[in-house]
Structures are given as structure tokens and as C-alpha cells.
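*Asks:* Starting off with a structure, shown below.
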Amino acid sequence: DYSVSDAEVIFEGLPERINGHAKVYDYDVETGATYAYWVKTENSGGKITGPKGARVRDPRLWWHFDKIMDRMRKLEEKYENVSCVKVGETVAHKPLVALFAGNREKMIACLGAVHAAESGPEILLTAIEDILEKNSELLEKVGIAILPSVNADMREEVVSGLPRYYRVNKNGVDLNRNFSAKWETVDLDYGLSSEDPDCVTYRGPYPESEPETRAVINLIKLSNPKLILSYHALAGITCDDLLCAKSMKEDEKTLERLESLARVYSDGFRMSAGEPCREEKILYPACSSGSLGEWSYKNGYFSLDLELRYGGSLDYFERARKEDTTIEMLIHNTELHKNAILSILTYLLGA
């Protein structure tokens, strides 16, 4: 039970009117902490409603949409071989802009934050900035297309304080179940049903119902990539746990070819980490029905999902599961992925 005075103390701060709504700042907070608020509004008849959770996230680890757009625009202004191309928009009409860098005749495509609270823009844009600065000769022969934040609406809510892990877009659809490839097959991963609108793996009302899904397809068709890399896991950290379509299990020839690409990425990642390269089989046919992995396989593209499991000496990945990521962890993880991307681009020179 919370009294009016309790609520007033919690919301002690500077009120501001934004789009007709009162916004109140709470300055007595710590980065990384989660707070619960109780709210009394004019429309609630004097009653207090709540709790409403909010997590204070470090803006160096979680980039706002405006920062992502600004970083891309600056790269376009600085480099002649960089262009920003709108490939679609979100449910809430945010522009989904992809960055094309280097030779557009032989590209890879990288996707971030397909699931709202997972990895992507902070890794990918930092990596391409470094590659553009230090590897200009390589980019004369190969290129990279990046859509850094696919699920931009809900990513912005996560960045702004949505406290829990979040997958779906603003329509409540898991974009990685919405592609038109085995979409009609109900997936029960995580003990959840992809046909249930109340589940965080909901596939949507029909294939490619979501504008974000269509934007990804548009990017792929524009870039015609030799390899698609989709960054997952959470809290800005992912690794070389590499997944492909479940349907590929029976296609040994294609699986072997994709395994060789996966090994190039993994070797680049591990060597950069100072770890021995993996000797075991690297690729796992585990991407669900309706996923980008399944769509890619159906349409003749090579695609890898990057997930969290590491197995090396670093402790970053267990910490990331608890959203205990630090800026030092993100910087190091970005360096590993930058070198893995460089390994792939270099490999493509001879492909």
C-alpha cells in the first residue's frame, strides 16, 4: 500500500509537458539499477497505479536511435565509398537506414537488434568505423552492408528504460519468426508456441506481415550478400556460437560450404581473443521456422546467427546474461567481432 505522499516523494523532480503528457525526472538513480514507480494521473481519479519498472542503462552501452543515425550520417559525409540507404521503416515509422561501405559487387550483410534487447548497433557501427579508417584497400575489393537496429521501435524503449529482456516489435511479433520460410510450421522453442499472440516468439498474423521483416529482405536483395550475419544474444555481447537453418541438416553439401565460412569467422574471433581455434564442428542447424536463417536457405543465401555461448576463458558472456555488461567488455567484444568480420572479408577476396 502506497500513499499519495509516497508517490510524490518518488516522483520528486522537474515536471515537463511532452506531447500533452507530464514527464517527471528522478535524479537520484544509479546506472544499472532498476526502479519501480507508482503514478497518479489526472485520468486516474486520484488513484495511484503501478508499479511501473524502469532500468537506468548506460548510454555508452545502449545507443539511442538518434545516435545510431548520427554515426551513420557522419561516415557517409567522411568517406566517398559509404552511402546510407533507406530500406524500409518500423511499425512506428522510424526510418530503417542501412549503411553500405566498400565494393558493392561483393558484400556481406550484417543485422543488429532483430530482437530488441540483443546485440548489434554498438558492435557493428564501431567495427565499421575502424575498418573504414584502417582497411580502405580491402574495401576497394569487398564491401559490407549494415542494418544496425532492425527492431528500432522497441530497441529505443529498451534503451530508454524498459527493464526486462524484450524480443518482439511494437506489434508484439518476433521478427525472427515472421519470414516466409516454413512460417506455417509451429515452432515450440523455449517451450513457447510461435502461433500464440501472447508469446514472445509469436510469428505474426501472416508471413512478412511486419515492415521490419520486409526491410531486412529489401536490404538483402539490394546488397546480394555472400554471407548474412545476424547478431543476437543480449546486453551488447555475443560471440562465435553460430547457427543456421534447421532445414539444412539434410543438405550436407550446403552445410559443408557454410561450415567453412563459419570457421573463418570463428577463427578470426578466437585468435583475436587469444584463444585456440575450435577443433569441433562449429555450425549448428538450429534456426527456427519463419526465421531469417530459414528464409536465407530457401532463397539461396548463406546466413549465420551469432549467439552467446563462448566456452573460452573469458567470463564476459555469463555476465552479459545478467545484463552486467561494462563498457570495457563491449569495447573488447567489438574488437573480436571486427577482426572476425575482417577475416570473412579477406576470405571473400579469393572466393
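*Asks:* Please enumerate the residues belonging to the stretch 203-254 that are touching a strand residue (DSSP E or B) at 6+ places or on another chain (Cβ under 9 Å), assigned to a loop (DSSP other than H, G, I, E, B) and either on the phi > 0 side of the Ramachandran plot or of a type in the set (F, W, Y) (or both).
*Replies:* N224, A233 - these are the residues of the stretch 203-254 that are touching a strand residue (DSSP E or B) at 6+ places or on another chain (Cβ under 9 Å), assigned to a loop (DSSP other than H, G, I, E, B) and either on the phi > 0 side of the Ramachandran plot or of a type in the set (F, W, Y) (or both).
*Asks:* Follow-up question, since we're still on this one. Checking the structure you have, find out if any residue of the stretch 289-307 is open to solvent by 10 Å² or more (accessible area, probe 1.4 Å), within 18 Å of the chain's Cα centre (by Cα), at pLDDT below 95 and closer than 29 Å to V158 by Cα.
*Replies:* Yes, there is a match, as at least one residue in the stretch 289-307 is open to solvent by 10 Å² or more (accessible area, probe 1.4 Å), within 18 Å of the chain's Cα centre (by Cα), at pLDDT below 95 and closer than 29 Å to V158 by Cα.
*Asks:* Looking at K86, K106, K47, K40, which is the one that is basic (K, R), buried (at least 16 other Cβ atoms within 10 Å of the Cβ) and farther than 25 Å from L336 by Cβ?
*Replies:* Answer to the selection: K40.
*Asks:* Let me ask something additional. Scan S194, S149 and give me the residue that is touching a residue at least 24 places away in the same chain (Cβ under 8 Å), touching a Pro at 6+ places or on another chain (Cβ under 6 Å) and buried (at least 18 other Cβ atoms within 10 Å of the Cβ).
*Replies:* None of the other options fit; the residue is S149.
*Asks:* Further question: Name the residues in the stretch 237-254 that are acidic (D, E) and out of contact with any Ser or Thr (no Cβ under 7 Å at 6 or more places or on another chain), would you? Give the steps one after another, and end with the answer.
*Replies:* If we filter the stretch 237-254 for residues that are acidic (D, E), which is where we start, we get 240-241, 250-252.
Correct list: D241, E250, D251, E252.
*Asks:* Here are A340, A286: which of them is crowded, with 21+ Cβ neighbours inside 10 Å, touching a residue at least 24 places away in the same chain (Cβ under 8 Å) and aliphatic (A, V, I, L, M)?
*Replies:* Exactly one of A340, A286 is crowded, with 21+ Cβ neighbours inside 10 Å, touching a residue at least 24 places away in the same chain (Cβ under 8 Å) and aliphatic (A, V, I, L, M), namely A340.
*Asks:* What strands (runs of 3 or more DSSP E) completely inside the stretch 26-103 contain at least 2 residues that are of a type in the set (V, I, T)?
*Replies:* Those strands (runs of 3 or more DSSP E) span 34-40, 48-55, 82-89.
*Asks:* Right, here's the next one. Name the one entry in V186, V200 that is in a loop (DSSP other than H, G, I, E, B), of a type in the set (A, V, I, L, M) and under 29 Å from D324 (Cα atoms).
*Replies:* V200
*Asks:* Taking interchain pairs and intrachain pairs at least six residues apart, which have beta carbon atoms under 7 angstrom, with the first residue in the stretch 218-233 and farther than 23 Å from F317 by Cβ and the second basic (K, R)?
*Replies:* Qualifying pairs under 7 Å: K226/K106.
*Asks:* In addition: For the stretch 160-175, which residues satisfy the criterion of being farther than 14 Å from P197 by Cα and open to solvent by 10 Å² or more (accessible area, probe 1.4 Å)?
*Replies:* Scanning the stretch 160-175 gives S160, L162, P163, R164, Y165, Y166.
Yes/no matrix, rows are residues, columns are (1) hydroxyl-bearing (S, T, Y); (2) open to solvent by less than 10 Å² (accessible area, probe 1.4 Å):
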| position | (1), (2) |
| --- | --- |
| T126 | yes, no |
| K134 | no, no |
| E137 | no, no |
| V142 | no, yes |
| A145 | no, yes |
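The values are calculated or read from the model by the stated rules, or taken from the named source; none is laboratory data. Keep in mind that what you see is a predicted model, and the values were worked out from it rather than measured. Please note: Cβ atoms are built from the backbone with ideal geometry, for glycine as well, and neighbour counts cover all protein chains shown. Keep in mind that these areas ignore ligands, DNA and RNA; they rest on the heavy atoms of the full protein, side chains included. Shrake-Rupley method; radii C 1.70, N 1.55, O 1.52, S 1.80 Å.
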